[in-house]
Every structure is written in C-alpha cells, then in structure tokens.
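What follows is a set of notes on a single structure, which appears directly below.
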Amino acid sequence: MLQRVLLIEDDEAISEMVYSYLTKEGYEVDTAFDGESAVKKFLAGLPYDLVLLDLMLPKRSGTDVLQMIRSGSLVPVLIMSAKDSDVDKALGLGFGADDYITKPFSMIELAARVKAAIRRAGYAAQGSQAAAGGELQPTSKVITLRGLTVDLDNFSVLKNGEEVKLTAKEFHILKLFVSSPGRVFTKAQIYSMVWEDDYFGDENVINVHMRRLREKIEDDPSHPEYIRTLWGIGYKLGDVQQ
C-alpha cells in the first residue's frame with residue numbers, strides 16, 4: 001500500500017521537484033499551493049502518512065495550517081523553512097511539528113527524513129491501536145513518579161490525575177528518562193534515539209522540545225524537577241521516584 005504525503009508549498013518549482021522525487025521513491029503525493037487549499041485537502045482527503053509544510057504560505061499561514069492539523073491529528077509534520085532562524089524553527093516545533101528541514105535541502109536528505117518520520121509514527125500508531133482494540137490487552141508498563149504517571153505502552157501521561165497532551169517526540173523524550181533513571185543523556189544521544197538520525201550539532205531541535213516538554217510536566221519549568229540539566233553534559237531524570 002502506497003504511503004500518502006501532503007505537500008504544502010507555494011513555490012511551484014520546489015513543489016514540482018519534491019513531488020517528482022518522492023513519487024519516484026514510491027510515495028503517493030498530493031500538492032497544495034496555499035494554506036486554504038491545504039486545509040481543504042487535509043480535511044477532505046484520505047488519511048495522510050505525512051505532511052510536508054512550508055511556513056510561508058499565501059491565504060493562510062503555515063502555522064495556522066499546523067494548528068488545524070494538530071487540533072485533531074497526530075500525523076507527522078515536517079516543516080520546510082526558507083528562513084534559517086531559531087524563531088521560525090521554534091515557532092514551527094512549538095506548535096507541534098515533528099521535525100524541520102531548512103531550504104535549500106537535498107532530495108536525499110528530505111527523503112530520509114520523510115521515511116524516518118513515517119516509520120516512527122507507525123511504531124506509535126501500532127501501540128495506540130493495540131491499546132484501543134476490543135480484545136483484552138496485556139497490562140501496560142506504567143511508571144509512576146512524584147505526581148506524574150507515564151503509561152509507556154499506551155502513550156499517555158497524567159499529571160496529578162489530569163491528562164497531559166504530549167506530541168510523539170515529547171513523549172519519546174520523556175520515555176527515555178523515565179525508563180533509565182540515573183542515566184545521563186547527551187543531546188546527541190537524545191537526537192539519535194528519538195529522531196533515529198545522525199546528530200549534526202543543531203541544538204535548537206532538542207532545546208525547543210525540551211522546553212515544551214517541561215512547560216507541560218513541570219510545576220515550575222524554570223526550575224525543573226523531573227528532567228534536570230547537567231550543564232555542559234546533558235540531561236537526567238531528577239530525584240522524583242515515589
């Protein structure tokens with residue numbers, strides 16, 4: 001079964017180049033050239049396996065499109081940004097994007113990111129579908145910290161009994177720490193394990209996701225207790241075991 005990609009890019013030359021390459025790689029690709037048509041295609045079409053999204057779109061911005069997608073879907077979203085700035089990256093990732101690639105990019109790198117994002121989303125979906133099935137499922141692995149409950153099999157987190165909505169990346173980062181208390185993870189290790197890709201020293205992706213995760217699980221994100229920073233080294237789980 002072909003994997004379906006929604007390509008949202010207003011530059012027709014870039015769109016045609018990406019469309020041609022991904023089609024040759026075996027993907028079924030739908031295209032949209034502005035934010036309004038992108039929303040209509042996403043809502044009206046068959047489910048997509050991945051969305052490639054340019055931030056700078058006419059009629060409706062890329063961030064608006066991303067917020068709409070995230071309001072009801074966990075489909076992986078890969079941002080294509082023409083501006084190599086922390087502001088654009090932080091904005092896109094902060095609204096729930098899974099990854100970004102800066103223009104100009106190579107088709108080989110883009111295809112690798114697309115493949116990795118779809119593969120990671122597939123693993124998460126398998127776990128969620130198993131949990132939602134009609135048959136009785138084996139007891140899931142639940143880790144309880146001080147005020148925080150992490151269900152590793154069902155991809156859910158509770159804070160003081162209330163659901164915490166994490167993106168797939170945020171959940172997998174948290175899973176690293178709660179599964180290995182006492183272990184220190186460098187940014188390179190976190191990127192390699194969560195993104196399943198080589199780390200080239202771009203700390204922004206880790207910084208943004210860590211900030212967003214802390215905003216959701218910490219009582220005081222500026223003084224985190226669940227995930228501590230070891231300056232110059234990395235991060236580790238804090239002393240929060242029950």
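Restricting attention to segment 183-242, and to residues there that are loosely packed, with under 15 Cβ neighbours inside 10 Å and aromatic (Phe, Trp, Tyr), which single residue is modelled with the highest pLDDT? Only one residue fits best here, namely 231.
Here residue 47 clears all of (1) surrounded by fewer than 18 Cβ atoms within 10 Å (Cβ to Cβ); (2) assigned to a helix (DSSP H, G or I); (3) at pLDDT below 90 except the condition numbered (2).
No other residue among 155, 177 is surrounded by 13 or more Cβ atoms within 10 Å (Cβ to Cβ) and touching a Leu at 6+ places or on another chain (Cβ under 6 Å) apart from 177.
Here's a check for you: in segment 16-43, which residue that is of a type in the set (A, V, I, L, M) and outside any helix (DSSP H, G or I) is surrounded by the most Cβ atoms within 10 Å (Cβ to Cβ)? Spell out the reasoning first.
Step one: of segment 16-43, the residues of a type in the set (A, V, I, L, M) are 17-18, 22, 29, 32, 38-39, 43.
If we keep only those that are outside any helix (DSSP H, G or I) as well, we get 29, 32.
Working: 29: 21, 32: 23.
This residue is 32.
Being aliphatic (A, V, I, L, M), in contact (Cβ under 8 Å) with a residue 40 or more places away in the chain, part of a helix (DSSP H, G or I) and not assigned by TED's automatic domain parsing to the domain that holds residue 79: is that true of residue 206 here? Answer is no for this residue. Taking each residue of segment 151-172 that is within 22 Å of residue 207 (Cα to Cα) and assigned by TED's automatic domain parsing to the domain that holds residue 211 and looking for partners that are part of a loop (DSSP other than H, G, I, E, B) and among the hydrophobic types (A, V, I, L, M, F, W, C) with beta-carbon atoms closer than 6 Å, six or more apart or interchain, yields 157/164; 157/166; 171/155.
Residue check: is residue 108 over 14 Å from the mean Cα position of the chain (by Cα), under 23 Å from residue 14 (Cβ atoms), among the β-branched types (Val, Ile, Thr) and modelled with pLDDT of 80 or more? Spelling it out, residue 108 is indeed over 14 Å from the mean Cα position of the chain (by Cα), under 23 Å from residue 14 (Cβ atoms), among the β-branched types (Val, Ile, Thr) and modelled with pLDDT of 80 or more. Applying the criterion of being over 21 Å from the mean Cα position of the chain (by Cα) and among the hydroxyl-bearing types (Ser, Thr, Tyr) to the residues of segment 125-148, the residue that is modelled with the highest pLDDT is 144.
Looking across segment 184-226, the residues that are over 16 Å from the mean Cα position of the chain (by Cα) and among the small types (Gly, Ala, Ser) come down to 188, 201, 222.
The values are calculated or read from the model by the stated rules, or taken from the named source; none is laboratory data. This structure is a prediction, so every number in the text was calculated from the model and none was measured. Here the Cβ is made from the backbone with ideal geometry for all residues, glycine too, and neighbour counts use every protein chain on show.
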